[in-house]
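*Asks:* There's a structure below that I have some questions on.
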C-alpha cells in the first residue's frame with residue numbers, strides 16, 4: 001500500500017463504551033503504524049468509504065460491523081506483515097469487537113439474570129440461560145451467519161437458531177448442540193465442559209456421551225463448516241478457512 005500523509009489530527013476517541021474505545025484505539029494504531037490516510041486505507045478495503053472507516057475508529061455507542069473491522073485490519077496490513085501476524089491482529093480485533101458488541105447490547109437491552117457457571121447447570125432453564133450468554137459473548141451474530149457456521153444445510157436452520165437464542169427451544173440432539181457451539185465459534189479444545197453440561201441436562205450418561213462424540217467427530221466436516229476467525233477472508237490459514 002502506498003504511504004501517505006497522516007492527515008488532520010483525529011478527534012479524541014469517544015469513551016461511552018469502554019470496549020468500543022479500545023477497539024477504536026487498536027484500529028487507529030494500525031493505521032498510524034503505516035502513516036496512511038483514511039483515503040488510502042479505503043482504497044484497499046473492498047469498497048468501504050473513508051467516512052465508514054473513520055466512524056469505525058471513532059468509538060462511541062455505535063459499534064462497527066465485523067466485516068468493516070476485518071476489512072480495516074486487512075487494509076492496514078503492511079507488506080512485511082506475515083500471515084501469522086495478520087492472524088494474530090485479526091484475533092485481537094475480533095476479541096475487542098465481541099466485547100464491544102456485548103457491552104453495547106447490555107446497555108441497550110433489558111437486563112438478564114446472571115447465568116450459572118457451566119459446572120452448576122442442572123436444568124433446562126439454566127441451559128437456556130448459558131446458551132443465550134454464549135451467543136451474546138460471541139458477538140450476537142446474525143441467524144444466517146450462525147446457520148452457515150454450523151455446517152451443512154439443515155443442521156442448525158436460522159429459524160431454530162433464533163428460537164434457541166430467544167429461549168423458545170433448546171438443542172436436544174448432540175449434533176444440533178455441537179452445531180450451536182460451531183455457530184458461536186467455541187474452540188474445540190474448550191468444549192468438554194460444554195458437552196458435559198449438555199449431557200447432564202438431557203440425561204445422557206458420560207459413557208454414552210463419549211461414544212456419541214467419537215462418532216460425531218469421526219465424521220468428515222460438512223462443506224458449509226467455517227473454521228476461520230469469524231468468517232474472515234484473509235491470507236494463509238484464514239484464506240483457506242473461509
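Readers should treat all values here as calculations from the given coordinates under stated rules, not as data from a laboratory. Note that this is a predicted model, so its numbers are computed, not measured. Note: ideal-geometry Cβ built from the backbone for every residue, glycine included; neighbour counts use all protein chains shown.
*Asks:* May I ask you to list the residues of the range 21-58 whose amide nitrogen lies under 11 Å from a point 7 Å from Cα along the Cα→beta-carbon direction of residue 81?
*Replies:* Counting only backbone N, you get 27-34.
*Asks:* Ignoring everything except DSSP H segments at least 4 long, calculate the 222 nm mean residue ellipticity for the chain; use -39,500 (n - 2.57) per segment, divide by total residues, nearest 500.
*Replies:* Here the helix-only value at 222 nm equals -17000 deg cm²/dmol.
*Asks:* Measure nothing but the geometry: give the 0 to 90° angle between the long axis through the Cα atoms of 83-108 and the longest principal axis through the Cα atoms of the chain, rounded to 10°.
*Replies:* Taking the Cα atoms of the chain, the angle to 83-108 is about 70 degrees.
*Asks:* Still on this structure, please answer the following. Taking 8 Å as the Cα distance limit and 6 or more residues as the minimum spacing, I'd like the relative contact order of the range 18-109 as a percentage.
*Replies:* Relative CO of the range 18-109 lands at 39 percent.
*Asks:* If contacts are Cα pairs under 8 angstrom and at least 6 residues apart, what is the relative contact order of the range 118-218 in percent?
*Replies:* RCO, the range 118-218: 33 percent.
*Asks:* Based on Cα positions only, what radius of gyration and what Dmax would you give for the range 118-218, in angstroms?
*Replies:* 12.6, 35
*Asks:* Does anyone have the angle between helix 206-218 and the longest principal axis of the chain? Alpha-carbon axes, 0 to 90°, nearest 10?
*Replies:* Tilt relative to the chain: about 50 degrees.
*Asks:* Name the most mobile residue of 55, 148, 30, meaning the one with the largest mean-square fluctuation, in a Gaussian network model of the chain with Cα contacts below 10 Å.
*Replies:* Between 55, 148, 30, it is 55 that shows the largest mean-square fluctuation.
*Asks:* Just how many % of Cα pairs in the chain lie over 24 Å apart, if you round to the nearest whole percent?
*Replies:* Summing the P(r) of the chain above 24 Å gives 52 percent of all pairs.
*Asks:* Report relative contact order for the chain in percent, whole number only (criteria: Cα-Cα under 8 Å, sequence separation at least 6).
*Replies:* 17 percent.
*Asks:* In the Gaussian network model of the chain, springs joining C-alpha atoms below 10 Å, which of 109, 143, 197 carries the largest mean-square fluctuation?
*Replies:* Ranking 109, 143, 197 by mean-square fluctuation puts 109 first.
*Asks:* Also: Treat each spin label as a single point 7 Å out from the Cα along the C-beta direction, and report the residue 175 to residue 16 distance in nm.
*Replies:* So the label points at residue 175 and residue 16 sit 4.6 nm apart.
*Asks:* Given the options 63, 165, 175, state which has the largest fluctuation in a GNM of the chain using a 10 Å cut-off (strictly under) for Cα springs.
*Replies:* Comparing 63, 165, 175 in a Gaussian network model of the chain, the most mobile one is 175.
*Asks:* Something else about it: Mind listing P(r) for the range 18-109? All alpha-carbon pairs, 5 Å bins, whole percents.
*Replies:* Over the range 18-109, the share of Cα pairs per 5 Å bin runs 2, 15, 27, 25, 18, 8, 3, 1, 0 percent.
*Asks:* Give me the one-decimal nm value for the distance between modelled label points at residue 95 and residue 142, 7 Å along each residue's Cα-to-Cβ direction.
*Replies:* 2.8
*Asks:* FRET efficiency for residue 105 and residue 51, Cβ-Cβ distance as r, R0 = 35 Å, nearest 0.05?
*Replies:* The formula returns an efficiency of 0.90 here.
*Asks:* OK, next. With angles folded into 0 to 90 degrees, how steeply does helix 174-183 sit against the dominant principal axis of the chain? Use alpha carbons for both and round to 10.
*Replies:* Relative to the chain, helix 174-183 is tipped by roughly 10 degrees.
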